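Beneath this line is the structure, given in structure tokens, with notes to follow.
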Amino acid sequence: MTAKPLVAVTGASSGIGEATARAFSAAGHPVLMMARRIDRLEAMRLPSSISRQVDVRDRATLAAAVREAEARFGPVDMMFANAGVARLGDIGKQDPADWDEMIAINVNGVMNSVHAVMSGMMARRRGTLVMMSSIAGRKVYPDHTVYCGTKFFVHGVSESLREYLSAYDVRVIVISPGIIETEVLDGVKDPVTLANYKANKAAIGGGIGAEHVADLILDAYNLPQKALVQEICITPTRQKF
Ligand code: NDP
């Protein structure tokens, strides 16, 4: 059997990134796992994996991790630009440092992830970029102002990248989940926002498991290179908002 290509995941230490790293690993892919909590990555003990402490805001470190993994396993065939934070809060009262952090991670971090692999994919005329947006990249929600801005950015850039990269046979998939059970709410500091979010979530019976998102990404990736799922939007069935 031919060896499966290397895939790279940012934010692989928990939630959707972790589930996706596990799903691709179980499918036989070598995986480059990146996050700041290296202990969490190493504790997963995935076969044929490389764990690197990478803050996606640091373009050089991210690119170096990719080059190192490629030297061992061959080119990255799928980059999941997943790392993100949700500092949700009342925009009129929120510390702009929270805006800066979300923009640096959810916007610049995504572009740094794209940059690390895009030219190689263009040269090889194959590859898949999976861009983590959100249902909050399609519509706005209370207390999500800058978070929505970062995810609308991912949608916009992905549309343009998809158009540009189509001539190189490189696929761009946008992933837009609704409420998924992860650690994402740990990043919400505003107690009122957090209480409202949790009440809405409880009212619909909770979120769904990250493994469902991971399975969809793997299914979309496994289609032939000439077939592209442009966007995956997955929510709990009862999430009508
Ligand atoms: P988690 O908090 O469980 O995971 C976030 C991941 O991002 C962690 O692995 C974290 O690792 C990593 N991360 C955060 N900041 C950085 C950074 N500066 N550098 C490198 N890695 C970083 O939440 P989710 O799995 O839910 O979040 C993953 C993505 O999914 C995010 O982009 C989020 O916006 C998006 N999303 C989540 C939804 C949900 O309901 N859960 C819905 C829609 C979208 P570490 O801290 O170790 O660096």
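The values are calculated or read from the model by the stated rules, or taken from the named source; none is laboratory data. Everything quoted here is computed from the prediction, not taken from an experiment. Glycine also receives a Cβ, built like all others from the backbone with ideal geometry; neighbour counts cover every protein chain displayed. Protein only, heavy atoms only, side chains kept; ligands, DNA and RNA dropped before computing areas. Shrake-Rupley method; radii C 1.70, N 1.55, O 1.52, S 1.80 Å.
Condition check ((1) within 22 Å of Ser176 (Cβ to Cβ); (2) buried (at least 20 other Cβ atoms within 10 Å of the Cβ); (3) in contact with a helix residue (DSSP H, G or I) (Cβ under 7 Å, 6 or more places away or on another chain)) across all residues:
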position	(1), (2), (3)
Ala23	yes, yes, yes
Pro30	no, yes, yes
Arg36	no, no, no
Arg45	no, no, no
Val56	yes, yes, yes
Phe73	no, yes, no
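The lone criterion from (1) within 10 Å of the ligand (Cβ to nearest atom); (2) under 14 Å from Ala86 (Cα atoms); (3) open to solvent by less than 20 Å² (accessible area, probe 1.4 Å) left unmet by Asp186 is number (3). So Leu62 passes all but one of these: (1) within 13 Å of the ligand (Cβ to nearest atom); (2) surrounded by fewer than 22 Cβ atoms within 10 Å (Cβ to Cβ). Which condition number does it fail? The number of the failed condition is (2).
Consider Glu163 carefully, then state whether it is over 22 Å from Val56 (Cβ atoms), more than 12 Å from the ligand (Cβ to nearest atom), of a type in the set (Asp, Glu) and not in a strand (DSSP E or B).
Numbers: over 22 Å from Val56 (Cβ atoms): yes; more than 12 Å from the ligand (Cβ to nearest atom): yes; of a type in the set (Asp, Glu): yes; not in a strand (DSSP E or B): yes.
Here the answer is yes, as Glu163 does meet what is asked.
Inside the stretch 117-153, can you point out the residues that are touching a residue at least 60 places away in the same chain (Cβ under 8 Å) and either closer than 20 Å to Ala60 by Cα or part of a helix (DSSP H, G or I) (or both)? I'd like the intermediate steps shown before the answer.
Here is the first cut: in the stretch 117-153, the ones touching a residue at least 60 places away in the same chain (Cβ under 8 Å) are 117, 126, 128, 130, 132, 135, 138, 141, 147, 150.
Result: Val117, Ile135, Tyr147, Thr150.
Across the stretch 1-52, what is the total count of residues that are in a loop (DSSP other than H, G, I, E, B), away from the ligand (no atom under 11 Å from the Cβ) and of a type in the set (A, V, I, L, M, F, W, C)? Talk me through it step by step, then tell me what you get.
Step one: of the stretch 1-52, the residues in a loop (DSSP other than H, G, I, E, B) are 1-5, 11-14, 27-30, 36-37, 45-48.
Now drop any that are not away from the ligand (no atom under 11 Å from the Cβ), which leaves 1-5, 27-30, 45-48.
Narrowing the set further to residues that are of a type in the set (A, V, I, L, M, F, W, C) leaves 1, 3, 27, 46.
Adding up the residues that qualify gives 4.
Against the conditions (1) part of a helix (DSSP H, G or I); (2) more than 11 Å from the chain's Cα centre (by Cα), Ser113 satisfies every one except (2).
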